[in-house]
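Heads up: the structure comes next, in C-alpha cells.
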Amino acid sequence: MKYAIETESLTKKYDDFLAVDALDMKVKNKSIFGFLGPNGAGKTTTIKMLTCLIQPTHGTASVSGYDITKKPDEVRKKIGMVPQLVSLYGDLTARENVSLCADYYGIPKDKQEERIADLMELVDIKYAENKLVKQMSGGQKQKVSVVASLIHKPDVLFLDEPTIGLDPTTKLVLWELIQELNDNGHTIILCSHDMYEVEKLCENIGIMNNGKLVAFDTPQKLKDNLMAKQEEIFVKDYPLMNEMKNNISDITDHQASEVTKNKLDTHIPTTELSMMVDNLSDTIIEKIKDLNFVYGVKQSHNKRISVDIDQFSKDDGINEVIEIIMKNNGNITSITTNDPSLEDVFVDLTAKKKFESIDIEAVK
C-alpha cells in the first residue's frame with residue numbers, strides 16, 4: 001500500500017523540551033486523515049516538520065514519496081497548506097491573490113488562466129474572483145485560500161481549522177468541498193478541534209498528547225475501544241460494588257440501592273437512553289428508577305425521559321426499560337442512545353485524570 005505520509009522516529013527537541021517524541025505514523029494515500037491533539041501536544045510542530053518549515057532533531061519522514069530532510073524542495077511542490085488564519089492580501093482581489101501564488105510556484109502565465117478558472121469553479125468562488133479579499137466573508141476567504149493552495153496541483157493538502165468561526169451553513173459547504181477534493185485524488189490532513197467535523201470527514205484519526213501519538217484508528221474503532229475500556233473497569237470493580245451493597249444493612253433495600261447508586265454514580269460508565277413517551281406516568285418513572293442498573297432518570301415537560309443505564313447491562317437494560325413502559329400503557333414515539341463520542345475519546349486520552357478507587361467504608 002502506498003502512503004502519502006510516513007514518519008520514522010520523527011523527533012523535535014527545543015533545548016530540554018521534547019515537543020515531538022519519536023513519532024511513527026503512516027497516512028494512507030488519497031484519504032482524509034484527522035490529526036488531533038490539545039494545545040501543546042506536538043501537533044503543530046509535527047505539521048511544521050512535514051511541511052518543511054522546520055527540521056527534525058532526529059528521525060525523518062516522507063511526504064508524497066520524498067524525504068523531508070533530503071528533498072525538502074520536492075516535498076514543497078507536492079503539498080498545499082490552508083492555515084487557520086487566512087494569509088491573503090486584503091487589498092488584492094481573489095484572482096490576484098491566486099495568480100500571485102501561481103507565480104511563486106513558477107506556473108507559466110499561459111497555463112494560469114485555465115487552471116485558476118477551473119479551481120474557482122470547483123470551489124464555487126468564481127463569482128467573487130474580482131472582489132477584494134478584505135470585502136469578503138470568512139467562508140469566501142477560506143475558499144480563496146483553498147484555490148491558492150491547490151494552484152500547483154499538490155498531492156497532499158494540509159487544512160488547519162478550516163471551518164473555525166464559520167456559520168453552520170458555510171461549514172457544510174466547506175465539508176462538501178473537502179470531500180470533493182478527496183474524491184479527486186487529494187490526500188487531506190485535517191487539523192481540527194471540531195470532533196463532529198473530524199468524525200464526519202475522516203477515515204482515520206491520529207491523536208497526539210505530550211509529544212506522542214497516543215491513538216491511531218478509525219473514529220468508530222476509537223469509540224468502541226473506549227467503551228470496551230469502560231466496561232473492563234466496570235467488570236473489575238463489580239465484586240466491590242456487591243460488597244458495598246452487602247455492607248448496607250441498617251436501612252431499607254430501596255434506600256440502600258439509592259445510596260449505593262449515589263456513591264458509584266461517578267465511577268460507572270453509563271449510556272443515556274432518551275425517549276419520547278406518551279402517557280408517561282409516575283408509576284413508569286418509579287419502576288424504572290427501581291431497576292438496579294439505572295443510575296439516573298430525568299423527565300422533561302415535553303414528554304421526554306432520559307435514563308442512564310450502566311453500559312455493562314446496556315442491551316438487556318434497554319429492553320427491560322421499554323418493557324416497563326409498554327406494560328404500564330406508555331407509548332414510545334422515539335428512542336435514541338448516547339454512546340461514547342469522539343470527544344469522550346479525546347478527553348479520555350488527553351485529559352490529566354486518575355481513576356480513584358471507591359471507599360467501601362464511606363458507605364457503611
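Quick notes on this structure:
- DSSP bridge pairs, the range 3-218: antiparallel proportion in percent, nearest 5: 55
- Top positive-direction residue, dipole computed over the range 3-218 with Cβ charges, set Gly185, Ile205, Thr7: Thr7
- Size check on the range 110-208: the Cα extents along the three principal axes, sorted descending, read 42, 28, 19 Å.
- By average C-beta atoms within 10 angstrom, highest first, the peptides 132-140, 38-46: 38-46, 132-140
- Alpha-carbon spread of the range 3-218, three principal axes, descending order, Å: 49, 37, 31
- Heavy-atom accessible area per residue - the range 1-146, 1.4 Å, Å²: 53
- Farthest towards the positive end of the charge dipole of the range 114-227, among the residues Gly138, Thr170, Leu226, is the Cα of Gly138, using unit charges on the Cβ of Lys, Arg, Asp and Glu.
- Flagged links, alpha-carbon separation over 24 Å, of Lys2/Lys77; Lys71/Lys171; Lys30/Lys131; Lys30/Lys143; Lys28/Lys141: Lys71/Lys171; Lys30/Lys131; Lys28/Lys141
- Here the accessible area is traced with a 1.4 Å probe on the protein chains. For the range 3-218, carbon and sulfur cover 48 percent of it.
The values are calculated or read from the model by the stated rules, or taken from the named source; none is laboratory data. All values derive from a computational prediction rather than experimental measurement. Every residue, glycine among them, receives a Cβ derived from its backbone with ideal geometry; neighbour counts consider all protein chains shown. The accessibility values were calculated without ligands, DNA or RNA, using every heavy atom of the protein model including side chains. Shrake-Rupley method; radii C 1.70, N 1.55, O 1.52, S 1.80 Å.
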